[in-house]
Amino acid sequence: MSWIFLGALGLMGVLWLVFALRNMDRRLLMRGLRWIVGGGAAVIAVAALLLRRIDIAMIVGAVAASVLLRGRLGQFSFDSVGGAPANVSKVQSRFLAMELDHDTGELSGRVLDGQFAGWDLMDLGEGETRALIEEIGHDAESVNLLESWLDTNRAGWREYFAEQEAGGASAGSGSGRDPVAEAYAVLGLKPGASHEEIKAAHRELMKGVHPDRGGSEFLAAKINEARDLLLGR
């Protein structure tokens with residue numbers, strides 16, 4: 001009866017181990033397997049050396065070195081299996097290449113052609129982004145990809161660009177642009193506001209647009225610029 005109990009217990013343990021391995025991250029699993037196989041071979045090689053079995057120690061030691069240093073056991077590569085591609089979708093147009101990580105929702109992009117060829121989209125500032133939009137405007141597929149990336153990584157960019165264009169048109173038709181008056185308008189303050197009022201307005205506005213909370217980096221930069229200008233006076 002005890003053997004049956006031990007056998008059932010062992011079977012349950014094997015089933016649990018199989019289930020755990022199936023749900024484990026494959027990269028971590030293969031990394032651990034590499035160290036187990038390589039470390040075990042190294043131990044055997046040392047034991048063979050102590051027993052004066054130089055031939056076995058050399059063969060098993062070579063296996064251990066190959067697994068631990070190169071990540072390979074003959075034609076089998078621990079790194080290639082462990083580094084299997086993630087759940088990523090890739091799409092490419094004439095000007096842009098995009099990758100969407102379905103596990104994290106992260107959308108990354110790279111410029112393939114034009115004056116910004118080789119640039120990561122994250123490295124583009126406002127001026128470069130405007131220039132890129134203008135440059136690829138004739139390629140609808142590239143425009144759609146760029147807009148998708150901006151919607152994901154630069155929330156509020158449409159409204160910001162529209163506001164900037166409207167402000168530029170107003171300044172062009174008026175007697176000139178007043179950056180101080182514009183800074184007060186951005187913070188929603190009247191001219192002559194105190195430093196405390198400027199800081200309080202800045203703090204309140206940043207609650208809704210801070211990039212760390214999913215807001216717009218463009219708007220956050222505009223609000224920071226207005227605060228710095230007014231406090232610097």
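The values are calculated or read from the model by the stated rules, or taken from the named source; none is laboratory data. Fair warning: this is a prediction, and the values are worked out from it, not measured in the lab. Note that each Cβ is placed from the backbone with ideal geometry, even for glycine, and that neighbours are counted across all protein chains shown.
Values as computed for the structure displayed
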item: Output for the stretch 122-142, where each listed residue is more than 22 Å from the chain's Cα centre (by Cα) and assigned to a helix (DSSP H, G or I); result: GLY127, ARG130, ALA131, ILE133, GLU134, GLU135, ALA140, GLU141
item: Unmet requirement for LEU189, which otherwise passes all of (1) part of a loop (DSSP other than H, G, I, E, B); (2) modelled with pLDDT of 85 or more; result: (2)
item: Flag for GLY156 being at positive phi and surrounded by fewer than 17 Cβ atoms within 10 Å (Cβ to Cβ); result: no
item: Residue list for the stretch 125-158, restricted to those being farther than 15 Å from ALA97 by Cα and without any contact (Cβ under 8 Å) to a residue 12 or more places away in the chain; result: GLY125, GLY127, GLU134, GLY137, HIS138, ASP151, ARG158
item: Any hit, the stretch 29-44, residues being at pLDDT below 80, loosely packed, with under 11 Cβ neighbours inside 10 Å and of a type in the set (Gly, Ala, Ser); result: no
item: Checklist (1) over 30 Å from GLY61 (Cβ atoms); (2) modelled with pLDDT under 90 applied to ASP79, failing item; result: (1)
